[in-house]
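Below is one structure; the comments refer to it alone.
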Amino acid sequence: MSNLTAALYVVATPIGNLEDLSPRARRVLSEVDLIAAEDTRESGKLLRHFGIATKTTAFHEHNEREQLPRLLSLLQAGKSIAIVSDAGTPLISDPGYQLVRAARAAGIPVIPVPGACAAIAALSAAGLPSDRFTFEGFPPAREAARRAAFERLAREPRTLIFYESPHRIAASLSDMAEIFGPGREAAFARELTKHFETIRLGALSEVAEWVRRDENQSRGEIVVLIRGAPAAEEGALDAEAERVLRILLAELAVKQAAALAARITGARKNLLYERALDLVRTDPKR
Ligand code: SAM
């Protein structure tokens, strides 16, 4: 008989190295009545490895609507449930948010059992400023939407953290180098805690080129971190002026784009003109 408090437990599991499952996570997973797993086969491997025999049920974005009321009524009946994702911390680019929300609204205790998270593991070892950061999850898959998302973040001063799929990493890094600037410092973290763990810190253009040339770097699981934009200097363009200028520059010549951006945003025309020249130089396709 376990003395576990009846609750919803949000349990982090390893992102590669099974030794990263905490003793507490192991105990909770053994003692709950049910484990709601993103993929029961994937979690089954972990549970078997640790000799955990707790029943599992699938809980993912495609069955959330049916499963949520069922899990909620079990919780309300005093059962304890652990939610796990395939790897790392549930809810971080993974399912679970709706269940946590619903459990809280129903007055059920929600208890975190923290552990591995790829974003935090990458940040902790990358060598980029870690005092303030923003987690951006996966960039959009479509090129136009991805570039627009990067453009919105171009002047963000905090360290940026992205997850990216192996199929898109080369294209994404090349867009990043263009939009954040080829010299902006970045870290590429692949296969963390696993056999081929790789962490490389360098200028975005250099990291992008290295990944493009070595196809092994596009295999496995990847986190990309980008140093935040330097603090705006006296008289530098703010994010809105930068955004407007980029839009206009896609349609107009440098001089016209700068003049119109100055009228729209109130920023100084000569600053906009200098910045437009820079943008055209780094991306002549504009
Ligand atoms: N919830 C997970 C967490 O806490 O990190 C993230 C799940 S998300 C669906 C999967 C993505 O996380 C991968 O595509 C990759 O970007 C990143 N990731 C997961 N494990 C990783 C690892 N061992 N090394 C590098 N990135 C990893």
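The values are calculated or read from the model by the stated rules, or taken from the named source; none is laboratory data. It should be emphasised that the depicted structure is a prediction, and the values quoted were computed from it without experimental measurement. Neighbour counts run over all protein chains shown; Cβ positions are idealised from the backbone, glycine included. Side chains included, ligands, DNA and RNA excluded: accessible areas come from the protein's heavy atoms. Shrake-Rupley method; radii C 1.70, N 1.55, O 1.52, S 1.80 Å.
Say whether the condition of being on the phi < 0 side of the Ramachandran plot and in contact with an Asp or Glu (Cβ under 6 Å, 6 or more places away or on another chain) is met by at least one residue in the stretch 201-219.
No, the stretch 201-219 has no match at all.
I need a count of the residues in the stretch 53-86 that are in contact with a Pro (Cβ under 6 Å, 6 or more places away or on another chain) and either at pLDDT below 95 or more than 12 Å from Leu8 (Cα to Cα) (or both).
Here the count works out to 2.
Does Gly44 satisfy being farther than 18 Å from Leu99 by Cα, of a type outside the set (Asp, Glu), open to solvent by 60 Å² or more (accessible area, probe 1.4 Å) and at pLDDT 95 or above?
Numbers: farther than 18 Å from Leu99 by Cα: yes; of a type outside the set (Asp, Glu): yes; open to solvent by 60 Å² or more (accessible area, probe 1.4 Å): no; at pLDDT 95 or above: yes.
It is false that Gly44 is farther than 18 Å from Leu99 by Cα, of a type outside the set (Asp, Glu), open to solvent by 60 Å² or more (accessible area, probe 1.4 Å) and at pLDDT 95 or above.
Being under 27 Å from Ile222 (Cβ atoms) and outside any helix (DSSP H, G or I) narrows it down to one residue among Ile92, Ile120, Ile35, Ile111; which is it? Can you show your working first?
On the way: Ile120 fails: outside any helix (DSSP H, G or I); Ile35 fails: under 27 Å from Ile222 (Cβ atoms); Ile111 fails: under 27 Å from Ile222 (Cβ atoms).
Result of the check over Ile92, Ile120, Ile35, Ile111: Ile92.
Taking the condition more than 16 Å from the ligand (Cβ to nearest atom), surrounded by 18 or more Cβ atoms within 10 Å (Cβ to Cβ), acidic (Asp, Glu) and not in a loop (DSSP other than H, G, I, E, B), does Glu206 pass? If you could, list the steps in order and put the result at the bottom.
Details: more than 16 Å from the ligand (Cβ to nearest atom): yes; surrounded by 18 or more Cβ atoms within 10 Å (Cβ to Cβ): no; acidic (Asp, Glu): yes; not in a loop (DSSP other than H, G, I, E, B): yes.
Spelling it out, it is not the case that Glu206 is more than 16 Å from the ligand (Cβ to nearest atom), surrounded by 18 or more Cβ atoms within 10 Å (Cβ to Cβ), acidic (Asp, Glu) and not in a loop (DSSP other than H, G, I, E, B).
Exactly one condition in (1) assigned to a helix (DSSP H, G or I); (2) touching a residue at least 60 places away in the same chain (Cβ under 8 Å) is false for Leu279; which is it?
Going through the list (1) assigned to a helix (DSSP H, G or I); (2) touching a residue at least 60 places away in the same chain (Cβ under 8 Å), Leu279 breaks only (2).
Can you name every residue in the stretch 50-89 that is part of a strand (DSSP E or B) and either free of Cβ contacts under 8 Å to residues at least 60 places away in the same chain or within 16 Å of the ligand (Cβ to nearest atom) (or both)? Write out each step before concluding.
Our first condition is that a residue be part of a strand (DSSP E or B); within the stretch 50-89, this holds for 56-58, 81-84, 88.
Within the stretch 50-89, Thr56, Thr57, Ala58, Ala82, Ile83, Val84, Gly88 meet the criteria.
Which condition number in (1) closer than 18 Å to Thr159 by Cβ; (2) under 20 Å from the mean Cα position of the chain (by Cα) is the one that Pro230 fails?
Every listed condition holds for Pro230 apart from (2).
When the residues of the stretch 1-21 are filtered to those that are under 23 Å from Leu75 (Cβ atoms) and open to solvent by 20 Å² or more (accessible area, probe 1.4 Å), which remaining residue is nearest to the ligand (Cβ to nearest atom)? Give the steps one after another, and end with the answer.
Applying the first criterion (under 23 Å from Leu75 (Cβ atoms)) to the stretch 1-21 yields 1-13.
The next check asks that each one be open to solvent by 20 Å² or more (accessible area, probe 1.4 Å); those that pass are 1-6, 10.
Values: Met1: 32, Ser2: 26, Asn3: 29, Leu4: 23, Thr5: 24, Ala6: 25, Val10: 11 Å.
Among them, the one singled out is Val10.
Ala126 - would you say it is out of contact with any His (no Cβ under 9 Å at 6 or more places or on another chain), modelled with pLDDT under 95 and hydrophobic (A, V, I, L, M, F, W, C)?
So Ala126 fails the test.
Anything in the stretch 124-165 that is of a type in the set (Gly, Ala, Ser) and in contact (Cβ under 8 Å) with a residue 12 or more places away in the chain? List them, or say none.
Within the stretch 124-165, the first condition is being of a type in the set (Gly, Ala, Ser), and the residues that meet it are 124-127, 130, 137, 141, 144-145, 148-149, 154, 165.
Of everything in the stretch 124-165, those that are of a type in the set (Gly, Ala, Ser) and in contact (Cβ under 8 Å) with a residue 12 or more places away in the chain turn out to be Ala125, Ala126, Gly127, Ser130, Gly137, Ala141, Ala149, Ala154, Ser165.
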